[in-house]
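The values are calculated or read from the model by the stated rules, or taken from the named source; none is laboratory data. Here the structure is a predicted model, which is why all the values come from computation and not from measurement. Cβ coordinates were reconstructed from backbone atoms using ideal geometry, including for glycine residues, and neighbour counts include every protein chain displayed.
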Amino acid sequence: MSMDFLIILFSLLLWTLVATATATASSFSLHGKGFKHRKFSSSDNNYSIEETINESYAVIFDAGSTGSRVHVYRFNQQLDLLRIGHDLELFVKTKPGLSAYAENPEEAAESLVPLLEEAEAVIPQELHPRTPVKVGATAGLRQLEGDASNRILQAVSDMLKKRSTLKVEGDAVSVLSGNQEGAYQWVTINYLLGNLGKHYSKTVAVVDLGGGSVQMAYAISEEDAAKAPQVPDGVESYITEMFLRGKKYYLYVHSYLRYGLLAARAEVLKVSRDSENPCILSGFDGYYTYGGVQYKATAPPSGSSFSKCQNVVLEALHVNATCSYKDCTFGGIWNGGGGAGENNFFVASFFFEVADEAGFVDPNDANAIVRPVDFEDAAKVACSTELKDLKSVFPRVKDGDVPYICLDLVYQYTLLVDGFGIDPQQEITLVRQIQYQDSLVEAAWPLGSAIEAISSLPKFEKLMYFL
């Protein structure tokens, strides 16, 4: 065998070993732990970024009546929450809400820019183009007159398309219907509690008291859903059908516009028609402003009164309105028929805030077990207190809420008991946050919206969709 032949043979063997090692290293880089962080071109072994990512983010803006908030969530492919830094969500808020800029839509849009910048900063740059962003406006924008709401929504949409690197779909900016808001809130709370995918009787009912509206939502049986009254064209159905974690749910949802806490103050003051109102603390004579309208708020010479205030609240709620069905809540609205899905109530938003001001929950707690009668007991004390003494009795009441603390407590008690038919002694859960894994997550509707948005992405489990 010649020396030249041996040299050629050795060279071929060496080339084969190098090629094999290179292929092995390439295979490892594709399938090893570092795979999802590597960027590929469309011609790189036919792999694309869409095929390599097994997590996704969602950015949801809650444009409420009292302020704007942004939530950022990170999910794995099974739609479980993953950490963003030390927490399971980014949550940032600002005041006032978009509805405060009714005369200046561009300024409304600019108010969201600082929130947008904070949201984008926590999302890896390469994931921006596939991260959905949504802006959901609630009762504050629903109540604006004329085309003010549409002009604000258009300005926000234009701002996102111009300023954001996130995925902005055509329906990214909208006014949520009351039923959407209620359904998303129900999904959020039951998701965080681990109830989704279970029988409807294992889920909890939700009452969410915002500034402009209040929503009630709970799961009912298919048989009860079939008994739901038909509604006129243009009116939201009582039943929302949803598919969640492999199970179909029939969700009773109703939203009561003008009966959120801040809007309800106006409704209660309307009853007195510019005369003295027994829900206003003795010593106060002024005006309450809501939605750009002023309402006279004056205490009678005898001061506020629990029983007299409750009569006014009952009138404002139209509790005695004609009920065309077997059972109603208030205002002649069908109550869903009750059932096992209504056995356990989680009550959110302003309920916790007022209970905190009244001193019967710890403001540092994420949630608290109370009874409606706790609101009644606090209301009786508040309504028998003069304006000048209120802070010494309820030191945590915010200055702007002082004249209305009797009204707020009476309203919340009456709404729960006479409006929604909850027994005064029944235990309910006031909730701000819910522990998920080992972190606390805001018990707010944007998580439900984020789950729906992520469920529609390729490669992710279709945890949720509306039927």
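Whenever a residue of region 215-237 is in contact (Cβ under 8 Å) with a residue 60 or more places away in the chain, its partners that are surrounded by 15 or more Cβ atoms within 10 Å (Cβ to Cβ) and among the acidic types (Asp, Glu), lying with C-beta atoms within less than 9 angstrom and at least six residues away or across chains, give the pairs Met216/Asp208; Tyr218/Glu342; Ala219/Glu342; Ile220/Glu342.
Select from region 113-167 the residues that are of a type in the set (Val, Ile, Thr), surrounded by fewer than 20 Cβ atoms within 10 Å (Cβ to Cβ) and over 30 Å from Gly291 (Cβ atoms) and list them in ascending order. Don't jump to the end; show me each part of the working.
From region 113-167, those of a type in the set (Val, Ile, Thr) are 113, 122-123, 131, 133, 135, 138, 152, 156, 165; that's our starting set.
From the residues that got through so far, the ones that are surrounded by fewer than 20 Cβ atoms within 10 Å (Cβ to Cβ) too are 113, 122, 165.
Those that are of a type in the set (Val, Ile, Thr), surrounded by fewer than 20 Cβ atoms within 10 Å (Cβ to Cβ) and over 30 Å from Gly291 (Cβ atoms): Val122, Thr165.
Residue under question is Gly286, and the condition is that it be touching a Gly at 6+ places or on another chain (Cβ under 9 Å) and in the same structural domain as Gly341 (by TED's automatic domain parsing); does it hold? No: the conditions fail for Gly286.
Specify the residue that is surrounded by the most Cβ atoms within 10 Å (Cβ to Cβ); the eligible residues are those in region 73-85 that are touching a residue at least 60 places away in the same chain (Cβ under 8 Å) and on the phi < 0 side of the Ramachandran plot. Let's see the steps before the verdict.
Step one: of region 73-85, the residues touching a residue at least 60 places away in the same chain (Cβ under 8 Å) are 73, 75, 77-79, 81, 83.
Imposing the further condition that a residue be on the phi < 0 side of the Ramachandran plot reduces the set to 73, 75, 77-78, 81, 83.
Numbers: Tyr73: 25, Phe75: 23, Gln77: 14, Gln78: 10, Leu81: 21, Arg83: 12.
Here the residue is Tyr73.
Contact map, region 167-189: first residue in a strand (DSSP E or B), second residue among the aliphatic types (A, V, I, L, M) and surrounded by 21 or more Cβ atoms within 10 Å (Cβ to Cβ), Cβ cut-off under 6 Å, separation 6 or more or different chains; pairs are Val173/Val135; Val173/Leu153; Val173/Val156; Val175/Ala137; Val175/Leu141.
Counting only helices (runs of 4 or more DSSP H) that sit wholly inside region 380-467, those with at least 3 residues that are surrounded by fewer than 20 Cβ atoms within 10 Å (Cβ to Cβ) are 390-393. Only residues that are crowded, with 21+ Cβ neighbours inside 10 Å and more than 20 Å from Ser213 (Cβ to Cβ) were counted across region 243-260, and they come to 3. Only one entry in Tyr249, Tyr256 is of a type outside the set (Lys, Arg) and under 20 Å from Asn344 (Cβ atoms), namely Tyr249.
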